[in-house]
Amino acid sequence: MIRNLNQVNFGSYGSVLPERAHSATPIPREEMECIALDSDCAPIYQAQSDTWICGSTGMTILSVCSGEDEYLHFYLDKPVSLKKGVQFALSAFKGSASVLVHPAAERPDFLGTQTVQRLREDQKLHVDGIYTFFYQEKEQGFLFPGESHPMPELTYVDQGELHSVVEGQDLLLKQGDLVIYGSNQWHMQYADIGVAPRFVTISFDVGGVELTPLLNRKFTAPQATANLLQSMLREQEHMDSFSTDIIVSQLTLLLLYLLREAQSPSGSKVKNANIVQNENEIIRLAQQYVAGHIREKLSVPMVANQVGVSPSYLTVLFHKNLQISPGEYIRRIKLQESKQMIRENNLNFTQIAAILQYSTVHHFSRQFKDKFGITPTEYAKSVR
């Protein structure tokens, strides 16, 4: 975006001089350097002293930055004085143009050239596709054992509450909260007993920026973000030839809002200490092992041995980060697997109990009722 040149917008880089300063300057014209410009390639400089610049012919774009900042672009319709150290580039808006340059002392250092197209690329983030877009209504006590996949994923809670476990952290998402999982980032979800959550799941492909600032944290969606999600859902319900582009544009805007919030000084901080990362990795490996061996006889010592820690330390980590014991976690995953097997309607309860390594079918039925508040028979009748 090319900005209006005024002191408010430009003040960090120097001063905007009165338009009459061009004709009233005491600097002899022969002491000024005239630089010819085009709209294809821009010379880049760094001011070594205060540097006066003024347009001479045509329409000129002045691009400025300090250090690692991105370039800001201005119409050079007034003379300016750049501060020492400011990096700047000059290009014609269209066709050709020229500028007059005069440093107070040292000449600007020439740093090279850049194509104008690359220089003016303001939009970095781009959503390249949406793979899944679901509105999910889950039963009370819902538990998803976990997965990872190559594409990032967004989950937004529309009603109820949902626990999101990622990198060993148990994030409680309430209505209006959302979380983003990164590429190949293992995650699981569950709801408390008596809570039936409804939430949106979107998996997508994105480029141009790193989503790292958005990971391992929850966001409470402001009204503008919530409105975008609701608009995306309405668009999906009535798809036409424009809907995909509209949904992609809305998701792009949503991610930009989140990135702005994440980078603001008031944004919540994410724990980055190595010790926390190590704990998260241990929990993630334990969860993955349980998910991959759920039909085997599992114990806390067995899982602890697989991830290289003691059973007592694994128990401490689970209580600290997930607020449950590893034994209770194993029971939850087995019972969630049993619900899936009941829905498939291929096995009786005795067979299911045996496959999931329960000692007896009565033991299985008792744990099922303790967890979900109904017997396996009652659950089977409700889903068939």
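Kindly state which strands (runs of 3 or more DSSP E) lie completely within the range 184-254 and contain at least 3 residues that are aliphatic (A, V, I, L, M) and surrounded by 13 or more Cβ atoms within 10 Å (Cβ to Cβ). Give the steps one after another, and end with the answer.
Values: elements: 187-190, 198-207, 218-220.
Once the strands (runs of 3 or more DSSP E) in the range 184-254 are filtered for at least 3 residues that are aliphatic (A, V, I, L, M) and surrounded by 13 or more Cβ atoms within 10 Å (Cβ to Cβ), what remains is 198-207.
What do you reckon, is residue 316 closer than 23 Å to residue 216 by Cα, outside the structural domain of residue 191 (by TED's automatic domain parsing), free of Cβ contacts under 8 Å to residues at least 12 places away in the same chain and among the aliphatic types (A, V, I, L, M)? Spell out how you get there, then give the answer.
Details: closer than 23 Å to residue 216 by Cα: yes; outside the structural domain of residue 191 (by TED's automatic domain parsing): yes; free of Cβ contacts under 8 Å to residues at least 12 places away in the same chain: yes; among the aliphatic types (A, V, I, L, M): yes.
Criteria met by residue 316.
Looking only at the range 159-170, count every residue that is outside any loop (DSSP other than H, G, I, E, B) and surrounded by fewer than 18 Cβ atoms within 10 Å (Cβ to Cβ) and tell me the total.
Residues that pass the stated criteria total 2.
Please pick out the residue among 105, 97 that is in a strand (DSSP E or B), touching a residue at least 12 places away in the same chain (Cβ under 8 Å) and not hydroxyl-bearing (Ser, Thr, Tyr).
Working: 105 fails: in a strand (DSSP E or B).
Being in a strand (DSSP E or B), touching a residue at least 12 places away in the same chain (Cβ under 8 Å) and not hydroxyl-bearing (Ser, Thr, Tyr) holds for just one of 105, 97, which is 97.
Scan the range 333-362 residue by residue and report those that are on the phi > 0 side of the Ramachandran plot and at pLDDT 90 or above.
Taking the range 333-362 as the starting set, the residues that turn out to be on the phi > 0 side of the Ramachandran plot are 345, 357.
Matches in the range 333-362: 357 only.
Go through the range 48-79 and give me each residue that's in a strand (DSSP E or B) and under 15 Å from residue 33 (Cα atoms).
51, 52, 53, 54, 55, 56, 57
Among the candidates 352, 282, 342, single out the residue that is within 18 Å of residue 170 (Cα to Cα), surrounded by 16 or more Cβ atoms within 10 Å (Cβ to Cβ), β-branched (Val, Ile, Thr) and not assigned by TED's automatic domain parsing to the domain that holds residue 145. Steps first, please.
Details: 352 fails: within 18 Å of residue 170 (Cα to Cα); 342 fails: within 18 Å of residue 170 (Cα to Cα).
Testing whether each residue is within 18 Å of residue 170 (Cα to Cα), surrounded by 16 or more Cβ atoms within 10 Å (Cβ to Cβ), β-branched (Val, Ile, Thr) and not assigned by TED's automatic domain parsing to the domain that holds residue 145 leaves just 282.
From the list 217, 234, 198, which one is at pLDDT 85 or above and within 14 Å of the chain's Cα centre (by Cα)?
Details: 234 fails: within 14 Å of the chain's Cα centre (by Cα); 198 fails: within 14 Å of the chain's Cα centre (by Cα).
Among 217, 234, 198, only 217 is at pLDDT 85 or above and within 14 Å of the chain's Cα centre (by Cα).
Restrict the check to the range 170-185 and report whether at least one residue is outside the structural domain of residue 40 (by TED's automatic domain parsing), of a type outside the set (S, T, N, Q) and out of contact with any strand residue (DSSP E or B) (no Cβ under 7 Å at 6 or more places or on another chain).
No, the range 170-185 contains no residue that is outside the structural domain of residue 40 (by TED's automatic domain parsing), of a type outside the set (S, T, N, Q) and out of contact with any strand residue (DSSP E or B) (no Cβ under 7 Å at 6 or more places or on another chain).
Among the residues of the range 337-384, write down those that are in a helix (DSSP H, G or I), without any contact (Cβ under 8 Å) to a residue 12 or more places away in the chain and among the hydroxyl-bearing types (Ser, Thr, Tyr).
Hits for the range 337-384 are 350, 382.
The values are calculated or read from the model by the stated rules, or taken from the named source; none is laboratory data. Quick caveat: nothing in here was measured; it's all calculated off a predicted structure. Neighbour counts run over all protein chains shown; Cβ positions are idealised from the backbone, glycine included.
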